[in-house]
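Remarks on the structure that follows.
The values are calculated or read from the model by the stated rules, or taken from the named source; none is laboratory data. Values in this document were obtained by computation on a predicted structure and should not be read as measured data. When we count neighbours, we look across all protein chains shown, and the Cβ atoms used for this are built from the backbone with ideal geometry, even at glycine.
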Amino acid sequence: MIGILGGTFDPIHHAHLRTALEVAEHFGITDMRLIPGNVPPHRPQPLATPAQRFAMLQAAIAAEPRLHADDRELRRAGQSYSFDTLQTFRAESGDECPLLFTLGFDAFQHFQRWHRWDEILTLTHLVVVQRPAYSLPPNAWYEPYLSTNPDDLRTTPAGRIYLLPVTALDISATQVRGLLKQGKNPRYLLPDSVLDYIQRHQLYCE
Ligand SMILES: Nc1ncnc2c1ncn2[C@@H]1O[C@H](COP(=O)(O)OP(=O)(O)OP(=O)(O)O)[C@@H](O)[C@H]1O
Ligand SMILES: O=C(O)c1ccc[n+]([C@@H]2O[C@H](COP(=O)([O-])O)[C@@H](O)[C@H]2O)c1
């Protein structure tokens, strides 16, 4: 079983980290991959470089053995489509390995616009986590896929959608970047190790 949390991580913050850990604990995942996108689709492009975002991710998870920084999207040119990423996991891990791709309500709202979205559930399960100020999409296209039994996801490779309430933390990377730009301190919204990196490299200050 492999857990996946993809993101822009510009920069990684405590809501990403709590989400990754709570998903791992809920399902008993010991290999939870955090995967920064190289060219994230459908959004403004990151301010920090891929190498900087990866270094901040590594600094953030250094003390937690279940979380792993995975640079496969950074090594791939072009748009970082999740379908392509999930295909690489299938090629590596075989057809039977359960994959649990995690995303927040905000990302899930636009899921039907993703590249090859209607094939993604043949490759992975989706774990959809609550995010403050966001809700589920109004059209309930996903209802036939819903499961409330974690064993459904642990014992099958793909095809289920599981809604998981996680600790509500109203933190965004946009807020962190905004504070830094205003000369304010975002301490406690993100790990000190990440803030130290930001300050040493003078990121997000202009
Ligand atoms: N506060 C949060 N609560 C729950 N999920 C979150 C939260 N912040 C981000 N996520 C989820 O983490 C994943 C990666 O998010 P991303 O890196 O875009 O962070 P962000 O804070 O939304 O960034 P930005 O403000 O730059 O858009 C997405 O699936 C997103 O839904
Ligand atoms: O594959 C797509 O078309 C696609 C479109 C938008 C977002 N995603 C993925 O959703 C995850 C969260 O994205 P973001 O933009 O909120 O950082 C990340 O893994 C992205 O690669 C994927």
Please work out which residue is nearest to ligand 2 (Cβ to nearest atom), limiting yourself to the range 1-20 and to residues that are crowded, with 19+ Cβ neighbours inside 10 Å and in a helix (DSSP H, G or I).
-> His16
Note: among Thr124, Thr174, Thr156, Thr148, just one is under 29 Å from Thr49 (Cβ atoms), touching a strand residue (DSSP E or B) at 6+ places or on another chain (Cβ under 9 Å) and among the polar types (S, T, N, Q), namely Thr124
With the range 21-116 as the region, which helices (runs of 4 or more DSSP H) entirely inside it contain at least 1 residues that are of a type in the set (S, T, N, Q), over 20 Å from Ser193 (Cα atoms) and within 14 Å of ligand 2 (Cβ to nearest atom)?
-> 82-93, 105-109
Near pairs, Cβ below 7 angstrom, 6+ apart or cross-chain, from the range 102-117 (in contact (Cβ under 8 Å) with a residue 60 or more places away in the chain) to any residue that is in a helix (DSSP H, G or I) | Thr102/Thr19; Thr102/Val23; Trp114/Ser82; Trp114/Ile120; His115/Phe83
If you check Pro40 against the conditions, is it within 10 Å of ligand 1 (Cβ to nearest atom), modelled with pLDDT under 95 and buried (at least 18 other Cβ atoms within 10 Å of the Cβ)?
-> yes
How about the range 180-195: which of its residues are in a helix (DSSP H, G or I) and more than 22 Å from the chain's Cα centre (by Cα)?
-> Leu180, Lys181
When residues of the range 168-179 are limited to those that are under 15 Å from Pro46 (Cα atoms), in a helix (DSSP H, G or I) and not basic (Lys, Arg), the one nearest to ligand 2 (Cβ to nearest atom) | Ala173
May I ask you to say which residue of Thr49, Thr8, Thr30 is within 12 Å of ligand 1 (Cβ to nearest atom) and hydroxyl-bearing (Ser, Thr, Tyr)?
-> Thr8
Test: residue in the range 95-107 that is away from ligand 1 (no atom under 13 Å from the Cβ), surrounded by fewer than 17 Cβ atoms within 10 Å (Cβ to Cβ) and not acidic (Asp, Glu) = yes
Residue by residue through the range 119-159, note down the ones that are assigned to a helix (DSSP H, G or I) and either within 23 Å of Gly94 (Cβ to Cβ) or among the small types (Gly, Ala, Ser) (or both).
-> Glu119, Ile120, Leu121, Thr122, Leu123, Tyr145, Pro150, Asp151, Asp152, Leu153, Arg154
Does Asp84 count as acidic (Asp, Glu), within 18 Å of Leu164 (Cα to Cα) and at pLDDT 95 or above?
-> no
